[in-house]
Each structure stands twice: as structure tokens, then as C-alpha cells.
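Visitor: Got a structure for you, questions after.
All of the numbers you see were taken from the coordinates with simple rules; none came from a lab. The structure displayed is predicted, hence computed values, not measured ones. No Cβ is skipped: glycine too gets one built from the backbone with ideal geometry, and neighbour counts run over all protein chains shown.
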Protein chains: 2
Amino acid sequence: MPILTDQDIDDLAVGAALLGTGGGGDPYIGKLMAKAAIAEFGPVELIPLETVADDAVVLACGAMGAPTILIEKIPSGEEMATALAFYEANLDVKTTAVIPFEAGGINSMVPIALAARHRLPVIDADGMGRAFPQLEMETFNVYGVPAGPVALADERGNKVLIETASAAKAEWYARGITIRMGGQASIANYGMDGITVKYVSVPATMTLAIGIGRTLREAQASHSDPIAALIAFFAKTHYRHAGVIASGKVTDVARREENGWSVGVVTIEPFDSSKPKVKIRIQNENLVAEEEDGAVLAIVPDLITVLDLDTAEAITTERLRYGQRVNVLAVRVPPIMRTREALAVFGPRAFGLKHEYQPFGLDCGLAAVK
Amino acid sequence: MPILTDQDIDDLAVGAALLGTGGGGDPYIGKLMAKAAIAEFGPVELIPLETVADDAVVLACGAMGAPTILIEKIPSGEEMATALAFYEANLDVKTTAVIPFEAGGINSMVPIALAARHRLPVIDADGMGRAFPQLEMETFNVYGVPAGPVALADERGNKVLIETASAAKAEWYARGITIRMGGQASIANYGMDGITVKYVSVPATMTLAIGIGRTLREAQASHSDPIAALIAFFAKTHYRHAGVIASGKVTDVARREENGWSVGVVTIEPFDSSKPKVKIRIQNENLVAEEEDGAVLAIVPDLITVLDLDTAEAITTERLRYGQRVNVLAVRVPPIMRTREALAVFGPRAFGLKHEYQPFGLDCGLAAVK
């Protein structure tokens, strides 16, 4: 049984930032939470999706809120435990395994902290395969698991339970409460059994994130090209295709808080001045990368992550600054995230974008790709 | 045991509008609900506060939302039943009596509809002795009953349970959910036992409202002065003192929806042109009536209600129009609503007014009172 090591947690933080595609909250904070919980309560087991017992009671959990606020208002393990206990008490169930609802960002870590505290295993899978800004943007929802009931808790012990048949309403009410809890809350939802979890989840995303972190660490140690190493790593996973869509300098960052989200646009001016500027549109996460004339380089649900030019470490939306020298990496998501029904929930249209989804590296004529 | 008659419900609607002090939602809509529920499920018993059994399980209930929206989006009996059932299921209790959390406006009627459906008695008392715009503005809260848990439901079966030790937080979260449920929701909260309800409630407010309606109906039938009859009626109740603070024409109505409330100012120009204009400030309910120079004629928690000049029927905030000919009636609230701790929760300061509370007709130098 694989036990998460201290090194794994460090690697996971790096990989989860990349899978966060700019959002999902800075995993560094989550890393501190997870390590503190493991130190206090003991090690956490990461179990492969296919080994989950059919009669397991699985609950998804994480933190909800704008990433910029997560930095200021760090969720405590206590708070997450309150949400879990509130869910269990009201639904009269006992959780036997937790699954991150989001492998990208801080929510890769929150379930580890919770699992340590409750002596529960964490399933090596998630419901987003990356980070998304809304609660209904989950493969769990896409493939039929109700988003409600949702249990929310804040750091002062305030608790809210939402019951609704609509995933959109679950998001709408939970977002409203999260805003009124100060912009950040811990949530537990998408309760399901061990049979269900196997066909509604994006598999192996926790080990994917750990692998990303390990790849960058090893490239750094051996002074080899981290981007080349990353692309080679993704080729061996079910994500398969990754590529650099822009290399340049951040020349503009427009960002604001709106309805509980961080929204904005970042502009990157290529080092190669013959190439057009690239604009990335953001709603917590990076949604679409376009050239000035509107040509799409990569688009949601595919991953678009801004990486530091030298270290290839991901730069979250809230840490983007004028003058940063960056590579923009795009990664195609696995098939379970590219079905017709998945795109209806977290494809371009779900974000109000008018574009059709073009899978990165399959059929999108990306002249800028290395 | 007094059973509510059809006539009682009609009278209650008229009286509840007056106790609504402009807000609380139009009781006419509630009347239709209550009558339909009684026709379908059978009669409802109104029991005096002092006869409630010590081991009774009492739950307060009503509709939450802006009065202007309550007119458009009428709560159904089904919806209130959903809130009650959700409260009971999660708290594992069985309600034996319901109490209106608000005797003014539509919330005098919602508990009757619920009581008919569940064959429960309604207690002749409430937690506001009038209408107030916020959930924590309850004598229940003032005298120590926790506002949470709060169960909310909408007409589509969406349900939310809020657990918090803070009455202000209960209001804050419930208001957020109410807004996201479309501006109106049914709620059940302030669960308490039969011993407690007797010392935290404003007694006999349902029969007070019925008495107001009956008084106006009888005055109309006998062609006698309805205002004089009202003032005489109040003198025999624990409210005791009522008086007219302005007679004139509505010359301006400024009103808008803000954070789920109806807020605004109405201006009345006296028929006696030697008298100054009177301005009434509104937050769902009428909060303060002032002369142009700032002299206070009456102030919250005392009742300020705009009455039709001829019929003396109350005009709710959302029905105020330029040109209406009106009397403005002020009524002093009973002592349980005028204690130091009560004023801390629903006195002028609680509404952001800078004035001290001056009990109407005790010591406020009201030159304008008839």
C-alpha cells in the first residue's frame, strides 16, 4: 500500500500547481496543512482507483473560494473535519475513503490533511483532472453523481447543508454561502459508493501531479531541460500530449474579484518579436490562450499553465506580475474529460466562450507549438 | 379551543397588514394560502401562549424575502412543509406546535397554512410583535433562543440547513440563500420547548391582528370613524397607545431593491399646509417618521403604518403611490419589546439610525399627535 512520503507531498505541491492552470489556490499553503496533519495524526495511504472496495463510502472534499482569498484565509484541518462530520451526521453515513474533487491547486492537499486526521485513505483520482472554478464542473456530475447534498463549514464552526437535485443550484447556493463565510469555505459532497467512483473519476491524477513534481525536481538536479522532461513525462500518462504555446514576457495583468471568482486577462509578448502577442483569459483558472487575431492556441478543458522560464514551476494567477519571463504550456486532457457530455459541463460554452473545443495537438493547427 | 374561522382569517389579513408597518409582505396573498390549506386539510386551532404544554416542541416559521418579490413569487404550502420536514429530519425532532416568527404581513398567514397541512396548532403569539426585516430581530433571539439551525426551502424542493451559534450569521447566510433562491424562501427555525416559548414571545399578537381587522370591519359597517375605533381598540390591548402622526397626501415615493430588501423614503404633505412635510424611512418596514426639520414623530420598534384615509386599511410599502390620501398611525409596542436588550437588537441603532428610541406617546413631545 503506497504511503505518501514527505517527498511525495513536496512533488505533489509542484504538480498540483501545474494542474491548477493558474487557479485552484496555491498548493504551497495546502502542503503546509497536509504535512502538519500527517505529523500530528500519522501517514496517509494513497490507493489506486481500481482497488477501491465496491462497498466503500466515498466522499469528495476540498476548499471553495477565490484563489486570491485562499492565500489570505487559509482553510484549517478542523474546518474540513467540521464539514465532513456535518455531512455524515445529516446523511447518516460513515465515510471510508476520500477523493479530491480537484487535483489542481490546494484541493489536491486538503483531502490529505482530512484523511490524516480521520485515518482514511485518499483515492488516487479526482473529479476535475485539473482545477475548475465551479462545483458542478466535475466528471462526478458529468457521469451522474448528484452534487448535493453539500456540507459547508467555516473556521468558526458555522455549518450549512445544501440539498438540491441540480448541480448548478448546488454551486449557486454553495458559492453564495462561501462568499458570506468570508470568501472561503470547506466543503464535502458528491457522496458515492466504491462501484460508482471507478467510472466517474479521472484516474491516477494524484500520482500524475506527484510525477510532474518529481520530473521537474530531477530535471533541476541534473541540469536538463525541464520543459522537455515535462513533455516526455506527459507522453507516458493518459494525458499524453503537451507542448509550449508561447515563450515570452508578461506585459499586462488585468485581474479583479467578481462574484467570488478571480477574473481577468494576462498578455504575453513573445521573445520572438515576429510572433503575435498571446492573451490568456482567466476565471480562477486559465480558460483560453489566443493570438492577437483571435487564433486559438489552446482552450478549456485542456490545460493552459504559465511556467517560470527557468524552473518550469507553475505561476498561479494571483502571482502573475508584469515582467515575468515565462513559457506557456498546454496539455490535452484525457478522453473521459473530452466526451460530448463532459464538454457540455466544462467545455468552452460552459464558460461563456463562443469557441468550439479543439483538442490540443490533435486537430487545431497550432503553428506556435514547438 | 378557538378554531380560526373564515372571518378570523379575513380580519387577520387586515390586522397583519397594519402590524406589518408597510412591510412583511402583503397578507392578502397569505390569506389565500391559509384559506386554501384549511379547505384542503381542515381547520386550525389558535392556542393561547399560556396554554402551551411545557414539553411542547415549538418551531417558528414563515417566508423570508423582499416584500416586493413576495407579491410576484408566492410561497406555496408545499414549500413551507419542505422546510419543516427538512428541519425535523436533520434535527430529529417532531414539531407539536408552530409559532409565527412575525405577526405582521404575510408571515401571520404562512404558519396557518403549514399548521392546517400538518394538523398542528398555531400559538397566539410571535417573535416580532409586528414585522421586521431581519431574522435576528426576534424577541426569541433577544431572550436567548438560538436562531439556528435554520431550514430553508424553495418551491423546487431545494433545501438548505444552516447551523451557527450567531443570530447575525444565521440572518446573513439565510439572506444569501434566499436571494439565490430567487428572492423568496420558506424558513423554519428558533426551535424551542413549551416552557421557553412562554417567556420569549410577544403574547396574543394573532388575536391582536384579528381584533384590528374586526374593529375596522365593524366601523365600516356602522359608518363610524375607523381611526377612533382603532385607537380605542389598541387602548384595551398590551400595546395600549396609538395615535395619528400625519394626515395628508403622498407626494413622493423613492424605493429600490438592495441586498434583498426594499429600501426607500416616502414623503407625505399634510392637508393642513401650516404643518411640515413628513418623511418616512423604509427598510422593508417603516422605520422612522420625521418632520422636515428632523423632529421625530415615531421610531422603530414602535409601529408606523400608512393607512388609507377613508377605510383606514394599511398600505404596504410596495403599494404606496403618488397622490394617495393617507393617515399615518403610530402605535407603541408592549414592554417586552422595549427593554434595553430588545432595543439593542431591533431599536433605531440596529437599523443604522442615529436617534435614541423615544416610546411613542410616553415622552417624545409629539406636537403632531391628535
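Visitor: Evaluate the charge dipole of the stretch B:225-351 about its Cα centre and quote only its size in Debye, nearest 20, assuming +1 on the Cβ of each Lys and Arg and -1 on the Cβ of each Asp and Glu.
Guide: 280 debye
Visitor: Output, in nm with one decimal and in ascending order, the distances from the A:ARG321 label point to the matching label points of the other copies (7 Å from Cα along Cα-to-Cβ).
Guide: So the label point of A:ARG321 gives 6.2 nm to the other copies.
Visitor: Evaluate the charge dipole of chain B about its Cα centre and quote only its size in Debye, nearest 20, assuming +1 on the Cβ of each Lys and Arg and -1 on the Cβ of each Asp and Glu.
Guide: About 520 debye.
Visitor: Quick check: from the Cα gyration tensor, does the stretch A:231-292 come out rounded (a/c under 1.5), prolate or oblate?
Guide: Judged from the Cα gyration tensor, the stretch A:231-292 comes out oblate (a/c at least 1.5, b/c at or above a/b).
Visitor: How big is the charge dipole of the protein assembly as shown about its Cα centre, in debye rounded to the nearest 20, if each Lys and Arg gets +1 on its Cβ and each Asp and Glu gets -1 on its Cβ?
Guide: My answer is approximately 1000 debye.
Visitor: Another question about this same structure. Based on the Kirkwood radius over alpha-carbon pairs, what is the Stokes-Einstein translational diffusion coefficient of chain A at 25 °C with 0.890 mPa s viscosity, in µm²/s?
Guide: 122 µm²/s
Visitor: I need the inter-copy label distances for B:GLU78: point set 7 Å along Cα to C-beta, values in nm with one decimal, smallest first.
Guide: Counterpart label points of B:GLU78 in the remaining copies fall at 4.4 nm.
Visitor: Under the rule of -39500 (n - 2.57) per DSSP H run of 4 or more residues, summed and divided by the residues of chain B, what mean residue ellipticity at 222 nm is obtained, to the nearest 500 deg cm²/dmol?
Guide: -9500 deg cm²/dmol
Visitor: Of B:PRO43, B:VAL288, B:LEU84, which is farthest towards the positive pole of chain B's charge dipole, taken about the Cα centre with +1 and -1 on the beta-carbons of Lys, Arg and Asp, Glu respectively?
Guide: B:VAL288
Visitor: Then there is this: Among B:ASP310, B:ASP154, which comes first, then next, by fewest other beta-carbon atoms within 10 Å?
Guide: The most exposed by this proxy come first: B:ASP310, B:ASP154.
Visitor: Any chance you could check the Cα centroid distance between the stretch B:324-356 and the stretch B:6-47 for me, in angstrom?
Guide: Answer, in whole Å: 24.
Visitor: Once the dipole of the protein assembly as shown is set up with Lys and Arg at +1 and Asp and Glu at -1 on Cβ about the Cα centre, which of B:ALA185, A:GLY352, A:SER108 lies farthest towards its positive end?
Guide: Farthest towards the positive pole: A:GLY352.
Visitor: Right, next: Hey, what did chain A get for relative contact order, percent, Cα under 8 Å, at least 6 apart?
Guide: 20 percent
Visitor: Taking the Kirkwood radius as the inverse of the mean 1/r across Cα pairs, report the Rg/Rh of the protein assembly as shown.
Guide: Dividing the radius of gyration by the Kirkwood radius yields 1.08.
Visitor: Given the convex hull of the Cα atoms of the stretch A:260-370, what is a quarter of its surface area in nm²?
Guide: Computing the convex hull of the Cα atoms and averaging its projections yields 7.5 nm².
Visitor: Taking the stretch B:257-353, which chymotrypsin sites (Phe, Trp or Tyr not before Pro) meet the DSSP loop condition and have no more than 13 other C-beta atoms within 10 Å?
Guide: Passing sites in the stretch B:257-353 are B:PHE271, B:TYR322.
Visitor: Which order do A:VAL110, B:VAL328 fall in if you start with the one that has the fewest other Cβ atoms within 10 Å?
Guide: In increasing order of surrounding Cβ atoms, one gets B:VAL328, A:VAL110.
Visitor: Please report, for A:THR251, the nm distances (one decimal) from its label point, 7 Å out from Cα along the beta-carbon direction, to the equivalent points in the remaining copies, shortest first.
Guide: 6.2
Visitor: Please report B:LYS354, B:LYS279, A:LYS277 as a ranked list, fewest other C-beta atoms within 10 angstrom at the top and most at the bottom.
Guide: B:LYS354, A:LYS277, B:LYS279
Visitor: If you take the Cα atoms of the stretch B:6-203, find Rg, then find the Kirkwood Rh from the mean of 1/r over all pairs, what is Rg/Rh?
Guide: On the Cα set of the stretch B:6-203, Rg over Rh gives 0.92.
Visitor: A further question on this structure: Using Cα springs under 10 Å in a Gaussian network model of chain B, which residue among B:GLY25, B:GLY15, B:GLY248 shows the largest mean-square fluctuation?
Guide: Highest fluctuation of the listed residues: B:GLY248.
Visitor: Would you mind giving the mean number of other chain beta-carbons within 10 Å of the Cβ of each residue in B:174-183, as a whole number?
Guide: Taking all residues of B:174-183 together, the mean is 4.
Visitor: How big is the Rg/Rh ratio for the stretch B:99-207, C-alpha atoms only, Rh by Kirkwood, two decimals?
Guide: 0.94
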